[in-house]
Amino acid sequence: MNRRSRHCVLTRWLVLLGICGTLISRTTTAASVPLPLPNDVPAGPEGVAAPGGAGLPSLAGEATADAPAISAISDATFPDETLVVTGDKLAESHLRIWMEGRWEDLPPLQVAHNRMQAVVPKDWPTSTMLVWPVRGRQAGTPIRVNGTTVWWCWPCRIPSETTGNPSSVQLPSSVQLFGKNLRVGSSEPRAYLHGPQTATWLTVLSAQPYQLTVQLPKQLSPGTYRIFAHNGSGGPYGWSEAVALEVFPGPPQTGLPQFEIAEFGAAPDDGKDDAPAIEQAVDAAVKAGGGTVRFSAGTYHLSRTITLPDSASGVRLAGAGMGHYQGGTETDGGPGTVLRFLPEAAVPKCLIHIAGRFSVLRDLTLIGGHEGIVRAIHDRKAPSQVVARVTQHDVMIERVRFVMLDLRPQVPPEDREDRQIYDAALHLAAAGRANLTIRQCEFHSAGAGIQVGDLGRGHTDDGYPDPSTDYVAIEECIFRGYSPGFYKEPAHPASYQHMGIFNEGVQVFNGKYAIIRGCDFAGADRRGGKMMNRSICVCNTSVRDLYIAGNHSHDVGMVCPREDRVVNQGEQILFHFMYPHGGYFDVLDAASAEVAVNPNDPRNAGTPSSPHMAFDRAGSRVLDEVGTNDHWVVFVSAGKGVGQYRVVVAADRTPNRAVLKLDRPWRVVPDRSSRITVTTANRQNIIVGNTIDAGWIDSRCKVAGILFWFNGFENVIAGNTLRNLGYGIGFNSGFRNPCCWNLIRDNVMERMGGMAVESVEPAFYFDSCRSAGGPSGPLFQADSELAGWYSVGNVARSNRGQDSPAAAFVHALTTDDGSRQLPHQEQAGVMMPVVENSRFTGVKRGIVINRGAIWPVLRGNVVEPLDPAVPDVFDQSQPLKTTGQ
């Protein structure tokens, strides 16, 4: 090895071990260097003094055109953690940083013209920071780090009657805010309400980094209110964007008439059809402008669907309680009210259809069944069979048990049709700002528990998407799976890969702004063949802003009935790539808040070879829907402005030109050197404080923790506990499928050892670019027009793992032999991944990297392999030194 090669290898390892920062001399910035104002920090409520802001001097003006510029940065970066920076003209720059009461200069760990890394010292305070790039006497526009960021609130609307006078339906007099950096360090968060005849600070009832609960005033006039949050640091630059809350004049919810079902001729436990009497009682409630239909304890039978129509104040069905349910024998009992299908009659396709606003179901057990349907997996138009369906807004369901029995004929296997149960017990299909609450319910289902929205279009489909069901809270519910996996054994071994598909606890097929919190997921008898495949499955890449918190998954995943088969299902919290495909484009030109491409570029002809394993531009398109909704993003994959993403809010089309209008200006405007990916992406989802424990590992079945299967931006995975799985947490990215700026921190992972699939072998964490075309393909060639950043800025911090074949994979996904064939380059792959301050013990291999990971920062980690001779970091690009590494 020559001196230059030895120096390059040494530098690479210094960066990997986090030592470079100590070798770069500290730079000081003269006080006379003018510091420009920030240009994209949210403004708070007018005239309201913000907390914090100590030591912040006057700032003025804009950055000059030739100043260094930051385009994006890793947010939620605290002391002893690495800032990941993308930008322009950054070479020879350092960072000038303001935090509460303090100014500091920060030298880079590593820097080039379009990227930088720097480690925040341990002794700095934890607070909102403003970060300027500085080169000589030129300072660029600052970017904010750790600033209060609110993405959405729950509920999205409340009746005015409930503020200060909660009614019997328990509508909230508080609001929850969801986002990041809502609590930072020792500062106290604040929130401010502004609306009709109201401007006031709100009482913060509870504060966590990703969720605030604030108390509303006792009286609010109808209208739209804005809520601003502030984490207590940053002064005028610490505000969040405001989120909107609607207060409307709600209908009366107290003093409504009661209708006893017995007065209409229904008697429990007599075996007769009670549907006519229930319909009469519901009609009476509707004529009265709303009311409660009450059931005594016992079993009532239904020969047809009961529909709750619209009325002024809503119709409620209220029973005497859920009673008890024996999952093993699938029998109900105890002092409760049961509504079920009539024996010897055709099973209704739906027992209860909630088609009226302000409807309520409470204290009931609903028992339906599913006879199975011969259908393809992704048939969007297939008939459905559910226990209950909600198609209207402002509905509450609490303390209701939903049972979907498997009613497929029990005939010899050789006489069976391939009948599938892909439906859920409860289907929520109320398009728009639904405002639905499902609380303290139980779901015992041979299919899924809850389905939000309808199955979306496939990767190559045209047309416009169905409207989504937004703002849903699913809290403190129990989900039990009764899937046998297969009713009819498939003839082809590969079909076992799909065993148990869509037999999940919660399926989010088309919905945004949803809470799934405090729920319990399990198979009713996993080893006995009554199983739940996944706990939560998101099967739509346009889904965003989910808050998945405090759930418990145990005894989950499939168990393969044959020794010679494997099952590629079972990621317990899965965000799966599923949406019509966009594509990869050269930039024609760009302006402050727009970018133009040529959809008719000849390289776009044809169809993609695979929506998630493509290695050419075939089939790239700007669909007619792009710009008509908030599903689509533009990610700069190469050239000037690389690493940024923006949401497309409108589009202008002329022959050979589509101008995409963006939700906010670029920080670095792309140019003709740039290439972009137009795609949908799972964005701003928060997965925090969940426990997933499969109980035991079936090595033939994949049961994994949390996976983003392509296209994920700004998601947070924090404080989860994962045990007895195939892998812990993973992100797969690829050409045309970027996965960027995600935060993974403070998770505990133990005993990874089952079938892994995505991460080569079981590991606690992976950030992998799937290398379609192989090492000699065009994706990693420095001069290729396809080469680009397929992920950037994914950071894993302060995680702990014990007992696994590998600690982590941060690489292009290839074999060890294939990894050594990857070319030397610095412009394509997994860009600037970070794994730091983590502890991995009891591993056969440490952190695995290769040339597909560009500028990886692996610092502050403790890796304790089973064999002391195994290195903490295994670079697949290097020749093997000992057998088995």
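The values are calculated or read from the model by the stated rules, or taken from the named source; none is laboratory data. Predicted, not measured: the structure shown is a model, and the values here were computed from it. Don't worry about glycine lacking a Cβ; one is built from the backbone with ideal geometry, like all the others, and counts go over all protein chains shown. For the accessible areas, the whole protein counts, side chains as well, though only heavy atoms, and no ligand, DNA or RNA atoms are used. Shrake-Rupley method; radii C 1.70, N 1.55, O 1.52, S 1.80 Å.
Checking each residue in region 245-255 for being in contact (Cβ under 8 Å) with a residue 60 or more places away in the chain and either surrounded by 14 or more Cβ atoms within 10 Å (Cβ to Cβ) or not hydroxyl-bearing (Ser, Thr, Tyr) (or both) picks out 245, 246, 247, 248, 249, 250, 251, 252, 253. Just one of the listed residues (470, 462) is open to solvent by 10 Å² or more (accessible area, probe 1.4 Å) and in a strand (DSSP E or B), namely 470.
Are there any strands (runs of 3 or more DSSP E) wholly within region 760-830 with 1 or more residues that are in contact with a Pro (Cβ under 6 Å, 6 or more places away or on another chain), and if so which?
763-770, 789-792, 800-813
Restricted to region 528-556, and to residues that are at positive phi and more than 20 Å from the chain's Cα centre (by Cα), which residue is most open to solvent (accessible area, probe 1.4 Å)? Here the residue is 555.
Note on region 71-130: among residues that are among the basic types (Lys, Arg) and within 20 Å of residue 859 (Cα to Cα), the one that is farthest from the chain's Cα centre (by Cα) is 122.
Among the residues of region 189-196, is any assigned to a loop (DSSP other than H, G, I, E, B) and either of a type outside the set (A, V, I, L, M) or farther than 20 Å from residue 233 by Cβ (or both)? Before you say what the answer is, go through the steps one by one.
We begin by selecting, within region 189-196, every residue assigned to a loop (DSSP other than H, G, I, E, B); these are 189, 196.
Now drop any that are not either of a type outside the set (A, V, I, L, M) or farther than 20 Å from residue 233 by Cβ (or both), which leaves 189, 196.
Checking region 189-196: at least one residue is assigned to a loop (DSSP other than H, G, I, E, B) and either of a type outside the set (A, V, I, L, M) or farther than 20 Å from residue 233 by Cβ (or both).
Would you confirm, using the coordinates I've provided, whether residue 620 is part of a loop (DSSP other than H, G, I, E, B) and under 30 Å from residue 499 (Cα atoms)? Explain how you work it out, then say what you get.
Numbers: part of a loop (DSSP other than H, G, I, E, B): yes; under 30 Å from residue 499 (Cα atoms): no.
No, not satisfied.
Cβ separations smaller than 7 Å between residues 6+ apart or across chains give the following pairs from region 173-196 residues that are more than 20 Å from residue 49 (Cβ to Cβ) to residues that are open to solvent by 40 Å² or more (accessible area, probe 1.4 Å) and modelled with pLDDT under 95: 173/164; 173/166; 196/221. Taken over region 354-390, the criterion of being in contact with a Ser or Thr (Cβ under 9 Å, 6 or more places away or on another chain) and surrounded by fewer than 18 Cβ atoms within 10 Å (Cβ to Cβ) is satisfied by 355 alone. Only residues that are assigned to a loop (DSSP other than H, G, I, E, B), touching a residue at least 60 places away in the same chain (Cβ under 8 Å) and surrounded by fewer than 24 Cβ atoms within 10 Å (Cβ to Cβ): list them for region 501-527, please. Residues satisfying the conditions are 501, 524, 526. Residue 779: under 30 Å from residue 604 (Cα atoms), buried (at least 19 other Cβ atoms within 10 Å of the Cβ), more than 19 Å from the chain's Cα centre (by Cα) and of a type outside the set (Ser, Thr, Tyr), yes or no? Criteria met by residue 779.
Just one of the numbered conditions (1) open to solvent by less than 10 Å² (accessible area, probe 1.4 Å); (2) in contact (Cβ under 8 Å) with a residue 60 or more places away in the chain is not true of residue 144: (1).
When region 120-173 is examined, which residues are found to be among the small types (Gly, Ala, Ser) and modelled with pLDDT under 95?
Just the residues of region 120-173 that are among the small types (Gly, Ala, Ser), to begin with: 127, 136, 139-140, 147, 160, 164, 167-168, 173.
Those that are among the small types (Gly, Ala, Ser) and modelled with pLDDT under 95: 160, 164, 167, 168, 173.
With 592, 609, 620 as the choices, which residue is of a type in the set (Ser, Thr, Tyr) and closer than 14 Å to residue 678 by Cβ? Step by step, each of 592, 609, 620 is checked, and only 620 is of a type in the set (Ser, Thr, Tyr) and closer than 14 Å to residue 678 by Cβ.
If we keep just the residues of region 74-92 that are assigned to a loop (DSSP other than H, G, I, E, B) and among the acidic types (Asp, Glu), which is surrounded by the most Cβ atoms within 10 Å (Cβ to Cβ)?
Of the residues in region 74-92, the ones assigned to a loop (DSSP other than H, G, I, E, B) are 74-81, 89-92.
Keeping just the survivors that are among the acidic types (Asp, Glu) gives 75, 80-81, 92.
Working: 75: 21, 80: 18, 81: 23, 92: 13.
Checked region 74-92; the qualifying residue surrounded by the most Cβ atoms within 10 Å (Cβ to Cβ) is 81.
Among the conditions (1) part of a loop (DSSP other than H, G, I, E, B); (2) within 25 Å of residue 515 (Cβ to Cβ), the only one that residue 247 does not satisfy is (1).
It is to be established whether one or more residues within region 662-670 are touching a Pro at 6+ places or on another chain (Cβ under 7 Å), open to solvent by less than 40 Å² (accessible area, probe 1.4 Å) and not in a loop (DSSP other than H, G, I, E, B).
Step one: of region 662-670, the residues touching a Pro at 6+ places or on another chain (Cβ under 7 Å) are none.
Looking for residues that are touching a Pro at 6+ places or on another chain (Cβ under 7 Å), open to solvent by less than 40 Å² (accessible area, probe 1.4 Å) and not in a loop (DSSP other than H, G, I, E, B), one finds none in region 662-670, hence no.
Annotation note: of 15, 48, the sole residue that is more than 26 Å from residue 858 (Cα to Cα) and either crowded, with 17+ Cβ neighbours inside 10 Å or modelled with pLDDT of 95 or more (or both) is 48. Looking across 835, 870, 848, 863, one residue alone is over 33 Å from the mean Cα position of the chain (by Cα) and either assigned to a strand (DSSP E or B) or surrounded by 15 or more Cβ atoms within 10 Å (Cβ to Cβ) (or both). It is 870.
Looking only at region 351-401, residues that are part of a strand (DSSP E or B) and of a type in the set (Gly, Ala, Ser) come to 3 in all. Within region 402-439, the residues that satisfy the criterion of being open to solvent by 20 Å² or more (accessible area, probe 1.4 Å), farther than 19 Å from residue 350 by Cβ and not in a loop (DSSP other than H, G, I, E, B) are 413, 414, 415, 432, 433, 439. Cβ-Cβ distances below 6 Å connect the following pairs, each with a first residue in region 815-842 that is under 18 Å from residue 798 (Cβ atoms), a second residue that is open to solvent by 40 Å² or more (accessible area, probe 1.4 Å) and of a type in the set (A, V, I, L, M), and a separation of six or more residues or different chains: 839/862.
Results for (1) open to solvent by 20 Å² or more (accessible area, probe 1.4 Å); (2) over 26 Å from the mean Cα position of the chain (by Cα), shown as yes or no for each residue.
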{"residue": "575", "(1), (2)": "no, no"}
{"residue": "578", "(1), (2)": "no, no"}
{"residue": "584", "(1), (2)": "no, no"}
{"residue": "591", "(1), (2)": "yes, yes"}
{"residue": "596", "(1), (2)": "no, yes"}
{"residue": "602", "(1), (2)": "yes, yes"}
{"residue": "605", "(1), (2)": "yes, yes"}
{"residue": "618", "(1), (2)": "no, yes"}
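Scanning region 281-324 for residues that are among the charged types (D, E, K, R) and either crowded, with 19+ Cβ neighbours inside 10 Å or within 23 Å of residue 346 (Cα to Cα) (or both) yields 294, 304, 316. When region 473-485 is filtered for residues that are under 19 Å from the mean Cα position of the chain (by Cα) and surrounded by fewer than 22 Cβ atoms within 10 Å (Cβ to Cβ), the ones remaining, listed by number, are 473, 475.
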